[in-house]
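Comments concern the structure below.
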Amino acid sequence: MACRRDSQVPLLIPLSSLLEDPGADASSVVFSRGNGVWNSSPRRFRDDVCCLAAALAGYGLREGGRAGVLGSEGYGTLRAGLAVIAAGATLVPLDPALSDDALRRALAASGAVHAIASDERQLARLLALRPDLSALELLLLMSAAPSERKPAALLVETAIEVGKASLAADRGQLRAAFAASEGGAACLLVD
């Protein structure tokens, strides 16, 4: 996926194929790079992206809104980033190697209203910065270590189930959100 640093120039990405039902015979495979290795994504990748996008929209992510995804390369980060774009919002990719101060500045400068953390370590960083980020409304967690305690943020898998129910009620909701965002910035890199 390509991103532009110039937020004044819209970046058009043909993601509409994610929003269309590919039918039972669809066999496309999505590859994501994680830990230096390319892996194929599970067959449910498209469904996961659409369901997460529907959940994000249900949680208030709208056209013109921005969502940060804090994670290194891999399936979860790719899924989260595409879901933000499919929801009609602007993706703000955030490198976990950023210092806490740089992370705070990036989130503040972008006006991110949602943030998705790859793991509990990255979530803890976001939680520590959250009091300084008045625009940040929702935190999601891609993956929690197996534990008996509840995670400190909503899990992406739980959000996917919420989105699945939302899409069952209104199959066209993502097409409307995506169409409303045409011509807007799909991705914003903050220095």
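The values are calculated or read from the model by the stated rules, or taken from the named source; none is laboratory data. All values derive from a computational prediction rather than experimental measurement. Every residue, glycine as well, gets a Cβ built from its backbone with ideal geometry; the counts of neighbours run over all protein chains shown. The accessibility values were calculated without ligands, DNA or RNA, using every heavy atom of the protein model including side chains. Shrake-Rupley method; radii C 1.70, N 1.55, O 1.52, S 1.80 Å.
Can you tell me which of Arg149, Arg130 is within 20 Å of Arg104 (Cβ to Cβ) and either at pLDDT 85 or above or not β-branched (Val, Ile, Thr) (or both)? Sole residue among the options that is within 20 Å of Arg104 (Cβ to Cβ) and either at pLDDT 85 or above or not β-branched (Val, Ile, Thr) (or both): Arg130. The set of residues from region 137-146 being open to solvent by 70 Å² or more (accessible area, probe 1.4 Å) and at pLDDT 90 or above comprises just one member, Glu137. Taken as a whole, the structure places Ser99 among residues that are over 26 Å from Cys50 (Cβ atoms) and of a type outside the set (A, V, I, L, M). In this structure, Ala169 does not satisfy being at pLDDT 90 or above and either closer than 19 Å to Tyr75 by Cβ or more than 18 Å from the chain's Cα centre (by Cα) (or both). Residue under question is Val156, and the condition is that it be in contact with a Leu (Cβ under 7 Å, 6 or more places away or on another chain), surrounded by 15 or more Cβ atoms within 10 Å (Cβ to Cβ), modelled with pLDDT of 85 or more and among the hydrophobic types (A, V, I, L, M, F, W, C); does it hold? The answer is yes for Val156. Name the residue that is nearest to Thr158 (Cα to Cα), counting only residues in region 52-71 that are open to solvent by less than 20 Å² (accessible area, probe 1.4 Å) and in a loop (DSSP other than H, G, I, E, B). Of everything passing the filter in region 52-71, Leu61 is nearest to Thr158 (Cα to Cα). Among residues of region 160-180 that are charged (D, E, K, R), those with a beta-carbon under 8 Å from a residue that is surrounded by 14 or more Cβ atoms within 10 Å (Cβ to Cβ) and at pLDDT below 80 at least six positions away or on a different chain give the pairs Arg175/Leu19. Selection of region 72-95 for residues being in contact with a strand residue (DSSP E or B) (Cβ under 7 Å, 6 or more places away or on another chain), in a loop (DSSP other than H, G, I, E, B) and either open to solvent by 10 Å² or more (accessible area, probe 1.4 Å) or farther than 20 Å from Arg130 by Cβ (or both) yields Glu73, Gly74.
Residue count for region 111-136, restricted to those that are open to solvent by 10 Å² or more (accessible area, probe 1.4 Å) and assigned to a helix (DSSP H, G or I): 10.
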